[in-house]
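Take a look at the structure below.
Every number here is computed from the coordinates shown, using simple stated rules; none is lab data. Keep in mind the model is a prediction, meaning the values are calculated, not measured. Positions of Cβ are backbone-derived with ideal geometry, glycine not excepted, and every protein chain shown enters the neighbour counts.
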Amino acid sequence: MSTETTPVEPEAPVADSPTIPDPAVAAMARLDSIDAYRGLVMFLMMAEVLRFGQMARNFPESEFWRFLATQQDHVEWIGCVVHDMIQPSFSFLVGVALPFSIASRMAKGQSRGVMSAHALWRALVLVLLGVFLRSVGRSQTNWTFEDTLSQIGLGYPFLFLLGWYSRRVQGAALAVILAGYWLLFAAYPAPGTGFDYPAHGVPADWPHLLGGFEAHWNKNSNPAWAFDAWFLNLFPREKPFLYNGGGYATLSFIPTLGTMIMGLLAGGLLKERRTPWSKLGLLAAAGVAATAVGWGLGAAGLVPVVKRIWTPSWTLYSGGIAFLTLAAFYLVMDMLGWKRWAFPLRVIGMNSIAAYCLAHLVEDFIVSAFRTHLGPDVFKGFGPEYEPFVQGVATLSILWLVLFWMYRRRLFLKV
């Protein structure tokens, strides 16, 4: 995910055939914008412990808590809030880091074969780590592959392969992925009027069911759902897999690869021999264009903007926002040099895998330890209504301090 160092020198122009990044890219210095952006993404994920949804229920008249709760949840189907941008941003940044990682490893004398073997190993570990995290608290392994890490792992070998090709090839691969995934859904029979949605986890009166051509992208009645109804039942399960309650699907790794390719294009741009203002302008232009095209495809009724099944329009829309966010971080941190404010984010971003695992594994332990040593009412000092938020602040603080301790000792969990 993250890399030891980030080169800022460019590689030579490449042709449309496999090439080797210029090993002269040996003067290494981290692009702080990448670490800070990754840190923001991980912080938003870790901040789920603040329980804004519960706070909104405790204060039903408060627009403030209601707004925060909305932004900390996922939209039901079409659209986007802040929380929906966590996974695409994380995936995008994997692509951004790859050109720098390849150049760094080549500067250390690693061969392409060694790097390819490592890429396959990294992919396998990410997939299995995602399965492990989805299995915590269950009586047996929960073989499911919609976790962020699993989705990245499934697409990572293809991303690594594309990392050796020119932007033209990378862009063509992105176009093929988006067009092919659109065609897969468009060609799959849309659910008819007699389709039993309740039997597939969707209430018959669910307000987000789409009609007409867009019905091809309805929840748990599309080809990605059909694939999982076959594929996931090949694994040992507590009970047969019928549907995913959120509509998520294994095959979403294909358009997620598209998101990572968009990051790969951004990373290649940042490593080019261009002026910083030129890089900033191109990042911003790509962001505006991708966001507009993605939303426009949804508005035209060609394909809805749905994160849960990672539609092609969502890939472009969310990828465009990621381009714009990266451009903002690049401007503020790497061009203007305003970096100190982002130190807490960089502590998280430089240890993203550790942050991801800690956020999923130790919250209950931290809360239990607080109550054991400071009393069962430790979080009620501001009143019982504020208990979820105070508990979340305490938990989030401990998580950050653990990552800060690792940062000070240069303990970076890598795959």
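Quick notes
- Of the residues His200, Gly137, Cys357, the one whose Cα sits farthest towards the positive end of the charge dipole of the chain is Cys357 (charges of +1 on Lys and Arg Cβ, -1 on Asp and Glu Cβ, taken about the Cα centre).
- Build a GNM of the chain with springs between Cα atoms under 10 Å apart, and of Thr70, Thr275, Thr193 the one that fluctuates most is Thr193.
- Residue order for Met115, Met42, Met350, fewest other beta carbons within 10 angstrom first, comes to Met115, Met350, Met42.
- Furthest towards positive pole of dipole, Thr372, His118, Trp225, structure part the stretch 32-408, Cβ charges: His118
- Dipole check for the chain: with +1 at the C-beta of Lys and Arg, -1 at the C-beta of Asp and Glu, and the Cα centre as origin, the magnitude is about 1220 Debye.
- Cβ-to-Cβ counts within 10 Å put Glu48, Glu76 in ascending order as Glu76, Glu48, the fewest first.
- Taking the chain and dividing mean pair separation by its residue count, relative contact order in percent (alpha carbons under 8 Å, at least six apart): 26 percent
- Among Asp196, Asp32, Asp73, the largest mean-square fluctuation in a Gaussian network model of the chain, built with springs joining Cα atoms closer than 10 Å, belongs to Asp196.
- The slack between Glu385 and Leu302, meaning 0.36 nm per residue of separation minus the straight C-alpha distance, is 25.4 nm.
- Convex hull of Cα atoms in the chain, direction-averaged projection (nm²): 22.2 nm²
- What separates the Cα centres of the stretch 73-117 and the stretch 32-67 is a distance of 23 Å.
- A crude spin-label estimate for the pair Arg168 and Phe227, with each label 7 Å from Cα along the Cβ direction, gives 3.0 nm.
- Separation in nanometres of the label points that stand 7 Å from Cα toward Cβ, at Val293 and Val378: 5.2 nm
- Highest-first arrangement of 382-391, 204-213, where packing means the average Cβ count within 10 Å: 382-391, 204-213
- Scaled against the 2.2 N^0.38 Å expected of a compact globular protein of N residues, the Cα radius of gyration of the stretch 271-337 reads 1.28.
- Applying a DSSP loop filter and a limit of 14 other Cβ atoms within 10 Å to the chymotrypsin sites (Phe, Trp or Tyr not before Pro) in the stretch 261-363 leaves Trp338.
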